[in-house]
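Okay, so here's the structure we're looking at.
The values are calculated or read from the model by the stated rules, or taken from the named source; none is laboratory data. All figures in this text were calculated on a predicted structure; none of them were measured in a lab. All Cβ positions, even for glycine, are placed from backbone atoms using ideal geometry, and neighbour counts span all protein chains on display.
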Amino acid sequence: MSETHGHPNYIKIWYWLLFLLIISTVGPMLEIPIVTLITAFGIAIVKSYMVAANFMHLKFEKKIIWLLLLMSICLLGVFFFGVGSDVMMTEGDQWIDCIEDKSCVEQRL
Amino acid sequence: MSMQGPIATHRQATGIPTGRLAVWWLLASEIFIFGGLVLCFVLFKLNGTPGFEDASLTSVAAGAINTFVLLTSSLTVVLAHAAIEEGNVEKSFKYIWYTVGFGFVFLGIKTYEYTGKIIHGHIITENLFWSFYYTMTGLHALHVIGGMIIMAIISFDIKKGYNFQRVELIGIYWHFVDLVWIFLFPLLYIANF
Amino acid sequence: MIEFFIENASSFASDIDNLFEVVTWIIGFWFFVTFGTFVYLLIRFRRKKGVKAQYVAGEKHSETKWTHYPHYAVIAFDVAIIALNIFVWVDIKQTLPPRDNMIRVIGQQWSWTFVHAGPDGELDTSDDIATANDLHVKVDNTYHFELQSRDVLHNFSVPAFRLRQDAVPGRTINGWFKPTKTGTYDLQCAEMCGYGHGIMGAAITVHTEANFNETMDQIKKGTYESHYQKRRGTKTEAPSKISKENSKSTFTDVLASIF
Amino acid sequence: MSQATTAVQKEQHSEHHQELSFLYKYILPLDHKIIGMQYIFTGLIMAVIGGYFAYAFRMQLAFPGEIVPLYGLVGPGEYNMLVTNHGTIMIFWVAMPVLIAGFGNYIIPLMIGCDDMVFPRLNRLSYQIFLASALVLILSFFVKGGGFGGAWTAYPPLSSVAEYSLTDWGSSLWLLAVALEFVSFLLGGINFITTTMNSRAPGMKMMDIPIAVWFIVIAVILFMASVGPLIAGAVMLFMDQRIGTSFFLPSGGGDPLLWQHLFWFFGHPEVYVVLLPTMGIVADIITVFARKKLFGYRTVLYTAFATGGLSFVVWAHHQFIAGIDPRMANVFVVTTVLISIPLAEMMFCYIATLYGGSIQFTTPMLWGLGFLAAFLIGGVTGIYLGASAIDVYFHDSYFVIAHFHYTFFPITIIGMFAALTYWFPKMFGRMMNETLGKIHFWGTFIPFNCLFLPLFLLGLAGQNRRVYNFLNYPDLARQELHDLRVFATMSLVVMLLFQFVFIYNFFVSMFFGKKAPNNPWEANSLEWSIPSPPPHGNFKTLPSVYRGPYEYSVPGRESDYWPQNEPPKK
């Protein structure tokens, strides 16, 4: 890789990371859930991209590594939605289509 | 041990050096391990499991300082790699030990945090949040310790003049440990709604 | 085909049996076609002196059609199986038909407790009747069951009804069945639940209306003779009575307590 | 890689193999061939243990309550322990080490034409971890309370609470052993993938790699991608057992079903993890002995990719009646039945390969064909279980047992014998006895069918798994059903007795067999171009590759095979 490129300016990336860290710490102090969500997780994604791309040199890496990492993340997504649709229901209301009989709804309470 | 190794190690059909390719595969499997744990945490959290409001009891300041420490250690390890590329062994050695030092700082703060939590009665069996808290940060801390040990070994190897490529490999691993923390920080410290 | 081995005694048993039969015809056809081709090729192309093998890469269309056309047919049959299956599944697991009566089934290591709703058809009222390892139901009545577990996973399985559902601690699972034939059938636990899993059985008895009321009266009076015990031709202690304390006893002790 | 580091590597790279002491040659080897054989022999020893367990509990089912010869009484707890560990051993300590780690180690460097795995010391470490895991598992049978008896799926709360399972340390050691084994295969797997990606012989393109190597690598990738969440789950379960957390306990807010998802998200791809290596090995065997090019190399490869991809989205078909949302089942029925499409295509390609061949029924070929025939039955019966409505009746019944033994037995045992008999000349430099080999084949294959076909019928009769004595259930105690059980058990005993033929043949041939030439089967792939057994470092001069591995009976050539490394005539 270093045959074809010079490395990024690491110090500059670091400054950016620190700036983002401050935002993600200050964000929740506004106590608006949606802002917290964005500053916490949105910025985590940005930060991790910056670390991966610059520090881990993913920017200059072959496509196959990107494929590999994307595959991992996609499979985790499959796992999350597959499991989530079931584990999210701990109340025992798996039997949704009660025809006319309301009692099975009451029993769930 | 001899340092020659088989010819197989030095072939590069993909154009990526063998060591680096292997580290990427290792990290891919680590993504699944940490990913599985984090997703279980998220599932329970979204589910409104009682106890998860305890996230407000974790100290954001300690978490933020630890993030800062790890980010900085990431910088030093990448500088160590840059130094070894220029062939500057002394400088690289120095930066590697800065990184190990930051690792110690990280673990120190972690220990301080754990102690405080345990004194206040938030032990691992208190509820699911604390179970996840100790499991996830504990597993992460094990990775930090492992990385520090490997880094120490490598630092002496490069002094003796071999295995220079390993500075980059441990760097990639260390950045991954940093990345995991970047996600654990908002999950365990910030998001307490 | 399954009726040959075990009675079908519930309303949806024959649905499952029929689906099984349809699938058997489909895959039986494919199995014999594939297997026949396989054996034919083995015999036809066995090694003979002076006959050289052909060079077929299997990349040209004229060659690949031999695998592709059967393959498209497989897809068509697959779709048919999926469609039929979803019809039956929606009927038996996804919808609850209107009920005539309620029971609650509670699994624990290693016995079953059944709570019969009594004449009013509602659970948790004063006329509930609880029994251990003996379930009594009326023929041609649609029952809803609430399935619960006290400790580990269990499985409420009545082969004659083609009924099977896991009991999960922390969840209450609802389901239904409608017995269509009178008689006494086996009820097993079908999910590994520990030491006594193999003996966590019970009996389910399908009664006629009159018979059912009589049995319920007997249970209330305390003069009832367990169908479960009778069916095993013994009046000794039920195997489910093996408690955790003496579970480490020798095999012969366990046997003695069973028979 | 920078110039500086590359330069350093070049300097370090010099080749001289000195003679090694016995300790470093056989006990702590770096040579991939010896490590492969270590895996294979460990796997075979574990297979003996697993077979012994099967014998003990089958005898208990046929003659309940009587003393089993060579074992003793099998009580309920012991029965659970036996079935649990039979399953665990056969999948994690036989199928995976022998087929993936063992033959993977042995054949990957030979078939892709390099001198060793890329990380020999990592390779040795992964074997040592594997050995430790096997020892931990064996240790778990002897601790207080006995070995773990909560089924190989280890569903909590049974597996996580000692009061429920009554095997306090048994379950923890079992879990530890399984986790160690996963770590071992993760490390080994990284080695396999990197070797195949990076160290192929010059000229070997992606489409020149033998299917056996391809499939082992795909299997390893599947394993790696699926096992992560389960490792996380194993950590959580271990904490539940030993520290008292409640990740999977409803009383503490946890969810027992979560473990089932974690387990089956791994468990279903695992089926293909063990299937694909055997599929690949059989592809190599049938092409050699039919003297045919593999029908549709690319098709076979793409179907393997499709199978691997689909295997990640079918896991909940193990949980149709486990209390999951019934609407979710419909999605998984579709994906499950769809997975039959690539597998059917793959099967058709294998059968089409036989067309126009010149088929020679040697022992390895018989095993390969036996695999195809038996796996066909296993495959088609899977459709029943993938269809959720039929699964309501068959779930956890003997029908399931018969189905997955019709897949796993061909994969593990038949595939193992196919590979062993095929590569035996290469591994030990001697030929095996063909007559004894054929006796062993028929003596295994016929009893195998007699053993598992009756179990389909017992499943139809509603007989559930993991019950130690069916005479407790009047519906199942009927004489004709019991006769089937006795017949199945007798078949098992006959099958086990025939294994002694193999053991005799194996060891006698190893020392006194006919000397094997370099290429006894006249095969194309690179491992046959070197002496048997291959020397340390494999190739005298590392080969270059000029063509694919399946160029048999090419028109216009004198001989009916064309080695991959034979330079084309100018």
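So that you can scan it fast, the table gives a plain yes or no per residue for (1) more than 24 Å from A:LYS62 (Cβ to Cβ); (2) within 17 Å of the chain's Cα centre (by Cα):
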{"position": "B:LEU21", "(1), (2)": "no, no"}
{"position": "B:ALA28", "(1), (2)": "no, yes"}
{"position": "B:PHE32", "(1), (2)": "no, yes"}
{"position": "B:ALA61", "(1), (2)": "yes, no"}
{"position": "B:THR76", "(1), (2)": "yes, yes"}
{"position": "B:VAL89", "(1), (2)": "yes, no"}
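Residues in the stretch B:39-59 that are surrounded by fewer than 16 Cβ atoms within 10 Å (Cβ to Cβ), in a helix (DSSP H, G or I) and within 11 Å of chain A (Cβ to nearest Cβ): B:VAL42, B:LEU46, B:SER56. Inspect the stretch C:131-152 for any residue being more than 11 Å from chain D (Cβ to nearest Cβ), without any contact (Cβ under 8 Å) to a residue 40 or more places away in the chain and assigned to a loop (DSSP other than H, G, I, E, B) and give the result as yes or no. Within the stretch C:131-152 (the criterion being more than 11 Å from chain D (Cβ to nearest Cβ), without any contact (Cβ under 8 Å) to a residue 40 or more places away in the chain and assigned to a loop (DSSP other than H, G, I, E, B)), the answer is no, since none of the residues qualifies. Of D:MET427, D:MET432, all but one fail to be touching a residue at least 24 places away in the same chain (Cβ under 8 Å) and either within 14 Å of D:VAL274 (Cβ to Cβ) or in a helix (DSSP H, G or I) (or both); the exception is D:MET427. Here B:LEU79 meets each of (1) closer than 24 Å to B:THR115 by Cβ; (2) touching a Lys or Arg at 6+ places or on another chain (Cβ under 9 Å); (3) facing chain A (nearest Cβ under 7 Å) with one exception, condition (1). Just one of the listed residues (D:ILE530, D:ILE503) is more than 30 Å from B:ALA13 (Cα to Cα) and away from chain C (no Cβ under 14 Å), namely D:ILE503. Are any of the residues in the stretch D:471-485 in contact with a Lys or Arg (Cβ under 9 Å, 6 or more places away or on another chain), surrounded by 20 or more Cβ atoms within 10 Å (Cβ to Cβ) and of a type outside the set (Ser, Thr, Tyr)? Yes, the stretch D:471-485 contains a residue that is in contact with a Lys or Arg (Cβ under 9 Å, 6 or more places away or on another chain), surrounded by 20 or more Cβ atoms within 10 Å (Cβ to Cβ) and of a type outside the set (Ser, Thr, Tyr). What are the residues in the stretch C:178-201 that are touching a residue at least 24 places away in the same chain (Cβ under 8 Å), at the interface with chain D (Cβ under 10 Å from one of its Cβ atoms) and either within 17 Å of C:ILE103 (Cβ to Cβ) or not hydrophobic (A, V, I, L, M, F, W, C) (or both), if any? Answer for the stretch C:178-201, where residues must be touching a residue at least 24 places away in the same chain (Cβ under 8 Å), at the interface with chain D (Cβ under 10 Å from one of its Cβ atoms) and either within 17 Å of C:ILE103 (Cβ to Cβ) or not hydrophobic (A, V, I, L, M, F, W, C) (or both): C:THR184, C:TYR185, C:ASP186, C:LEU187, C:GLN188, C:CYS189, C:GLU191, C:GLY194, C:TYR195, C:GLY196, C:HIS197, C:GLY201.
Of the residues that make up the stretch B:15-28, is at least one farther than 20 Å from B:ILE149 by Cβ, at the interface with chain D (Cβ under 7 Å from one of its Cβ atoms), in contact with a Phe, Trp or Tyr (Cβ under 9 Å, 6 or more places away or on another chain) and part of a helix (DSSP H, G or I)? Within the stretch B:15-28, one or more residues are farther than 20 Å from B:ILE149 by Cβ, at the interface with chain D (Cβ under 7 Å from one of its Cβ atoms), in contact with a Phe, Trp or Tyr (Cβ under 9 Å, 6 or more places away or on another chain) and part of a helix (DSSP H, G or I).
Any chance the stretch D:217-240 includes a residue that's assigned to a helix (DSSP H, G or I), within 13 Å of chain B (Cβ to nearest Cβ), of a type in the set (S, T, N, Q) and farther than 30 Å from D:PHE375 by Cβ? Taking every residue of the stretch D:217-240 in turn, none turns out to be assigned to a helix (DSSP H, G or I), within 13 Å of chain B (Cβ to nearest Cβ), of a type in the set (S, T, N, Q) and farther than 30 Å from D:PHE375 by Cβ.
Only a single item in (1) surrounded by 20 or more Cβ atoms within 10 Å (Cβ to Cβ); (2) free of Cβ contacts under 8 Å to residues at least 40 places away in the same chain; (3) within 14 Å of chain D (Cβ to nearest Cβ) is not met by C:ALA117, and it is number (3).
Taking B:PHE93 as the residue in question, decide whether it is modelled with pLDDT of 90 or more and under 30 Å from D:PHE247 (Cα atoms).
Answer is no for this residue.
D:GLY368 meets each of the listed conditions (1) free of Cβ contacts under 8 Å to residues at least 60 places away in the same chain; (2) surrounded by 23 or more Cβ atoms within 10 Å (Cβ to Cβ) apart from (1).
Of the residues making up the stretch A:59-80, those that are aliphatic (A, V, I, L, M), farther than 22 Å from D:GLY233 by Cα and facing chain B (nearest Cβ under 8 Å) are A:ILE64, A:ILE65, A:LEU68.
Evaluation of C:TYR69 against the conditions (1) over 16 Å from D:PHE295 (Cα atoms); (2) in a helix (DSSP H, G or I); (3) not hydrophobic (A, V, I, L, M, F, W, C) shows that the sole unmet condition is (1). Is it the case that C:ASP166 is at the interface with chain D (Cβ under 9 Å from one of its Cβ atoms), within 24 Å of D:TYR164 (Cβ to Cβ) and not in a loop (DSSP other than H, G, I, E, B)? So C:ASP166 passes the test.
Evaluation of C:VAL56 against the conditions (1) in a loop (DSSP other than H, G, I, E, B); (2) surrounded by fewer than 18 Cβ atoms within 10 Å (Cβ to Cβ) shows that the sole unmet condition is (2).
Considering every residue within the stretch C:58-72, establish whether at least one is closer than 30 Å to C:TYR195 by Cα, free of Cβ contacts under 8 Å to residues at least 60 places away in the same chain and not aliphatic (A, V, I, L, M). Looking through the stretch C:58-72, none of the residues is closer than 30 Å to C:TYR195 by Cα, free of Cβ contacts under 8 Å to residues at least 60 places away in the same chain and not aliphatic (A, V, I, L, M).
Of all residues being among the aromatic types (Phe, Trp, Tyr) and more than 9 Å from every other protein chain (Cβ to nearest Cβ) in the stretch C:13-41, which is farthest from C:ARG164 (Cα to Cα)? Just the residue, please.
C:TYR40
When residues in the stretch D:526-552 are screened for being assigned to a loop (DSSP other than H, G, I, E, B) and in contact with a helix residue (DSSP H, G or I) (Cβ under 9 Å, 6 or more places away or on another chain), 16 of them pass.
Hey, can you tell me all the residues within the stretch C:174-206 that are farther than 20 Å from C:SER11 by Cα and either in a loop (DSSP other than H, G, I, E, B) or hydrophobic (A, V, I, L, M, F, W, C) (or both)?
Matches in the stretch C:174-206: C:CYS189, C:ALA190, C:GLU191, C:MET192, C:CYS193, C:GLY194, C:TYR195, C:GLY196, C:ILE199, C:MET200, C:ALA202.
Can you pull out every residue in the stretch B:21-44 that is in contact (Cβ under 8 Å) with a residue 24 or more places away in the chain and of a type outside the set (A, V, I, L, M, F, W, C)? Residue satisfying the conditions is B:GLU30 alone. Listed here are the helices (runs of 4 or more DSSP H) enclosed by the stretch B:82-193 that have at least 3 residues being under 30 Å from A:ILE32 (Cα atoms) and within 14 Å of chain A (Cβ to nearest Cβ): B:165-185.
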